[in-house]
Ligand SMILES: *Cc1c(COP(=O)(O)O)cnc(C)c1O
């Protein structure tokens, strides 16, 4: 099915996009590129001027099935004709079906639904605190998170986020968090023993299996396995933020499978609904401590969002998408590594899992990640920065061999341009 058959050109671009009018009324919380996107199909996007782009951003690792995927269109169309929203006052069959899929395809026993990554992490933080009070008997629980992490934009999740730039001017922050360097077992052992004082103790450790916003940094297998052992011995909860890396992006359904350790609690959002807003917190039975009235969300797990997520889950299985993620990821990293070999003065490293990859730039070379992103956009390729030095490649998981080749050619051209 082509996008042209879905949305006739005559219905698009009737009014030229008015940036000034937009900026007058929409808060300037985002640094936006001066481009307005109006339609998409597969891994392609078109802006209001009719310019075509290859999409290696996917709404920030979110549009799992790309744009206008027939399975997603069918699922949400059918669902909105039936019932799109009711309250959690009632049983919602689609929620049960989605939770069943997640439980069957992960180490989790139970699922709580919400609407975003930050909310899923908030739920995990609340669960960890209740677990600390009622199971671990810790009066003043501390949650350890990592430097350079990212967990969302609510007050508790910016506090959990180990990056000062997200916290600036928003203090007082939420108490009960402390930070450790990522992938450093000595540092976390020291923190656990240092923080065990009086009523205070570490109750949970919350980490990304691969740090996304922090620069596409994969977790170290040995580190995570040692951490699992520490948590088993002490009772400390191990919480994984799988918001960006989960739902097939790593080439496995969950990022923790890359590390060979299971978390006690983990969260998902971005890719789960393929672009329809939904978040989820998963837990093992042993830490399923939240009871009726203790946590809730009006929209959480509504029929519409769940139907979209179910379609994403089923399509991942039916279309063998994980295999595509592995193959296209290999192809992409190989191509980027060839560029790194060609331009060692500009590129330090290429790293990632499946279809979440980063190309790190040398410092002080006169340009950084955002300059690559802008130049690539001019050339018709959407990329995203992850911090100042890393260019992030997170295409839809349905990306084809030809599309990866095209993207690599464009990045090669961009490197040529940017050094001259
Ligand atoms: C994007 C992201 C979040 C926040 O998700 P929102 O849906 O924007 O609230 C949390 N954790 C990680 C790892 C993310 O990448």
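All of the numbers you see were taken from the coordinates with simple rules; none came from a lab. Here the structure is a predicted model, which is why all the values come from computation and not from measurement. Counting neighbours? That spans all protein chains shown, and the Cβs are built from the backbone with ideal geometry, glycine included.
Considering only 398, 278, 83, give the residue with the highest GNM mean-square fluctuation for the chain, with springs between Cα atoms whenever their separation is below 10 Å.
It is 83.
Could you check the simple spin-label distance between residue 38 and residue 168, using points 7 Å along Cα→Cβ, in nm with one decimal?
Result for the modelled spin labels: 3.7 nm.
From the gyration tensor of the Cα coordinates in the range 241-316, what semi-axes in whole Å does the equivalent ellipsoid have, largest first, with each one equal to sqrt(5λ)? Could the numbers behind the result be given before it?
Numbers: eigenvalues 85, 74, 15 Å².
That gives 21, 19, 9 Å for the three semi-axes.
Only helical DSSP H runs with n ≥ 4 go in: add -39500 (n - 2.57) per run for the chain, normalise by residue count and round the 222 nm mean residue ellipticity to 500 deg cm²/dmol. Walk me through the numbers before you get to the answer.
On the way: 15 runs with 160 residues, N = 420.
My calculation for the chain gives -11500 deg cm²/dmol from helical runs alone.
Answer rounded, prolate or oblate for the range 161-211, using the Cα gyration tensor with square roots of eigenvalues a ≥ b ≥ c: rounded when a/c is under 1.5, else prolate when a/b is larger than b/c, else oblate.
Working: a/c = 2.28, a/b = 1.19, b/c = 1.92.
Cα axes put the range 161-211 in the oblate bin.
With springs connecting C-alpha atoms under 10 Å apart, model the chain as a Gaussian network and identify which of 149, 21, 178 has the largest mean-square fluctuation.
21
Applying 1/(1 + (r/R0)^6) with R0 = 35 Å to the Cβ-Cβ distance of residue 296 and residue 100, what FRET efficiency is obtained, to the nearest 0.05?
Numbers: r = 21 Å, r/R0 = 0.60.
So the FRET efficiency works out to roughly 0.95.
Specify the angular offset, from 0 to 90 degrees and rounded to the nearest 10, of the alpha carbon long axis of helix 321-342 from the longest principal axis of the alpha carbons in the chain.
Taking Cα atoms only, the helix is inclined about 70 degrees.
If you scale each eigenvalue of the Cα gyration tensor by 5 and take the root, what three semi-axes come out for the range 64-178, rounded to whole angstrom and sorted largest first?
Details: eigenvalues 219, 79, 37 Å².
Equivalent ellipsoid semi-axes, largest first: 33, 20, 14 Å.
How much of the DSSP beta bridge set in the chain is antiparallel, as a percent to the nearest 5?
In the chain, DSSP labels about 60 percent of beta bridges as antiparallel.
Based only on other Cβ atoms within 10 Å, what is the fewest-to-most ordering of 236, 321, 372?
Working: 236 27, 321 20, 372 24.
The most exposed by this proxy come first: 321, 372, 236.
Report, in degrees rounded to the nearest 10, the 0 to 90 angle that the Cα long axis of helix 185-194 makes with the longest principal axis of the chain.
40
What is the fewest-to-most order of 282, 359, 27 by other Cβ atoms lying within 10 Å of their Cβ?
On the way: 282 26, 359 29, 27 6.
If I rank by nearby Cβ atoms, fewest first, I get 27, 282, 359.
Give me the three principal axis extents of the range 266-420 from the C-alpha atoms, as integers in angstrom, largest value leading.
Per principal axis, max minus min of the Cα coordinates gives 62, 34, 30 Å.
For residue 90 and residue 229 in one chain, what is 0.36 nm times their gap in residues minus the Cα-Cα distance, to one decimal in nm?
On the way: separation 139, 0.36 × 139 = 50.04 nm, distance 4.02 nm.
Length difference between fully extended and current span is 46.0 nm.
Could you tell me whether the range 72-318 comes out rounded, prolate or oblate from its Cα gyration tensor? Rule is a ≥ b ≥ c as square roots of the eigenvalues, rounded for a/c under 1.5, then prolate if a/b exceeds b/c, otherwise oblate. List each step's numbers first, then the result.
Numbers: a/c = 1.80, a/b = 1.58, b/c = 1.14.
Because a/c hits 1.5 or more and a/b exceeds b/c, the range 72-318 counts as prolate.
Between residue 337 and residue 73, what is the FRET efficiency for a Förster distance of 41 Å, r being their Cβ-Cβ separation, to the nearest 0.05? Walk me through the numbers on the way to the answer.
On the way: r = 37 Å, r/R0 = 0.90.
After rounding to 0.05, the efficiency reads 0.65.
What share of Cα pairs, in percent, lie more than 30 angstrom apart in the chain? Show your work: numbers first, answer last.
Numbers: 38623 of 87990 pairs.
Result for the distance tail: 44 percent.
Most fluctuating residue of 47, 55, 364 in a GNM of the chain with Cα springs under 10 Å: which is it?
Taking springs between Cα atoms under 10 Å, the residue moving most is 364.
Shape of the range 133-195 from its Cα gyration tensor (a ≥ b ≥ c, root eigenvalues): rounded if a/c is under 1.5, otherwise prolate when a/b > b/c, or oblate?
Working: a/c = 2.29, a/b = 1.23, b/c = 1.87.
Judged from the Cα gyration tensor, the range 133-195 comes out oblate (a/c at least 1.5, b/c at or above a/b).
Out of all DSSP beta bridges with both ends in the range 72-318, state the antiparallel percent to the nearest 5.
Numbers: 12 of 30 bridges.
Bridges in the range 72-318 that DSSP calls antiparallel: roughly 40 percent.
Helix 70-82 versus the longest principal axis of the chain: what is the Cα-based angle in degrees, 0 to 90, to the nearest 10?
It is inclined by approximately 60 degrees.
Could you give the length gained on full extension between residue 409 and residue 288, defined as 0.36 nm per residue of separation minus the Cα-Cα distance, in nm? List each step's numbers first, then the result.
Numbers: separation 121, 0.36 × 121 = 43.56 nm, distance 4.88 nm.
Extra length available between residue 409 and residue 288 comes to 38.7 nm.
Which distance in nm do the two modelled labels at residue 420 and residue 195 give, with both placed 7 Å along the Cα-to-Cβ direction?
The modelled label-to-label distance comes out at 5.3 nm.
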